[in-house]
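What follows is one structure encoded as structure tokens, with my remarks underneath.
The values are calculated or read from the model by the stated rules, or taken from the named source; none is laboratory data. Because the structure is a prediction, the values reported are computed rather than measured. Here the Cβ positions follow ideal geometry from the backbone for every residue, glycine too, while neighbour counts run over all protein chains shown.
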Amino acid sequence: MTIEQRLERLEKENRWIRMTAVAVALALGAVLFVAAGQDQEKDKPTVLDQVRAKSYILVDAENRVRGQWYCRGNHSAFRLDDGLGKGTIGLDLGDEAAGMCLSYGRAGMISLTAYREGGGTVMLTGQDVNGGIQIAYPQGRAPLSVHIWDRKHLRAKLTVPEGEPVSMEWFDQDGRRIEAPTPK
């Protein structure tokens, strides 16, 4: 083999090695580019057009349930709580009524309810539900009423019928109706 033939063969091999090196470099660059893009995509949250479920449960870092959003039959509800069974916020919607409740354990509760046929109620309770007040707005033809109770029994009731005199009833500690107390 002459020097010219050897030189020509080395040049062909050199071209082949260069083309292979360029192809490998391009392939490696493409793999690195795709991998870098996937890392960036991992950090982005997935955005969906729609999510469908019958319920969602929200848990904290200790896996305690902190909230729920669910539908059962014709009733849907949204609840949040403190995970300790004390503080609760609830929204409910059913066929007959819609309501909201705020409570913090046994410290007390505020409840609002609106009825499909009209009217609603507002309820405030004290610690351990040891007394409270309920205001009921007419549903249909029922009169407006205010109920005040202690730990066990209704203690006072104010009724405001439409077009009639207002009535006030008083009850003793056992829930028996008594005559109106006189101021001292």
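Please state which one of GLU62, GLU8 is more than 29 Å from ASN130 (Cβ to Cβ) and either of a type in the set (Lys, Arg) or part of a helix (DSSP H, G or I) (or both).
Numbers: GLU62 fails: either of a type in the set (Lys, Arg) or part of a helix (DSSP H, G or I) (or both).
Answer to the check: GLU8.
Hey, SER111 hits all of (1) at pLDDT 85 or above; (2) more than 22 Å from the chain's Cα centre (by Cα) but one; which does it fall short on?
(2)
Provide a single number: the residues in region 147-174 that are at pLDDT 85 or above and small (Gly, Ala, Ser).
Of the residues in that region, 2 qualify.
Being over 18 Å from the mean Cα position of the chain (by Cα), at pLDDT 85 or above and small (Gly, Ala, Ser), is that true of even one residue in region 75-96?
no
Go through the residues of region 68-88 one by one and say whether even a single one is closer than 23 Å to LEU58 by Cα, in contact with a strand residue (DSSP E or B) (Cβ under 7 Å, 6 or more places away or on another chain), aliphatic (A, V, I, L, M) and surrounded by 15 or more Cβ atoms within 10 Å (Cβ to Cβ).
Yes; the residues of region 68-88 include at least one that is closer than 23 Å to LEU58 by Cα, in contact with a strand residue (DSSP E or B) (Cβ under 7 Å, 6 or more places away or on another chain), aliphatic (A, V, I, L, M) and surrounded by 15 or more Cβ atoms within 10 Å (Cβ to Cβ).
Which of the residues that make up region 47-88 are closer than 26 Å to TYR104 by Cβ and either of a type in the set (Lys, Arg) or assigned by TED's automatic domain parsing to the domain that holds TYR104 (or both)?
ARG64, ARG66, ARG72, ARG79, LYS86
Among the candidates GLY94, GLY83, GLY87, single out the residue that is out of contact with any helix residue (DSSP H, G or I) (no Cβ under 6 Å at 6 or more places or on another chain) and farther than 24 Å from GLN134 by Cβ.
GLY83
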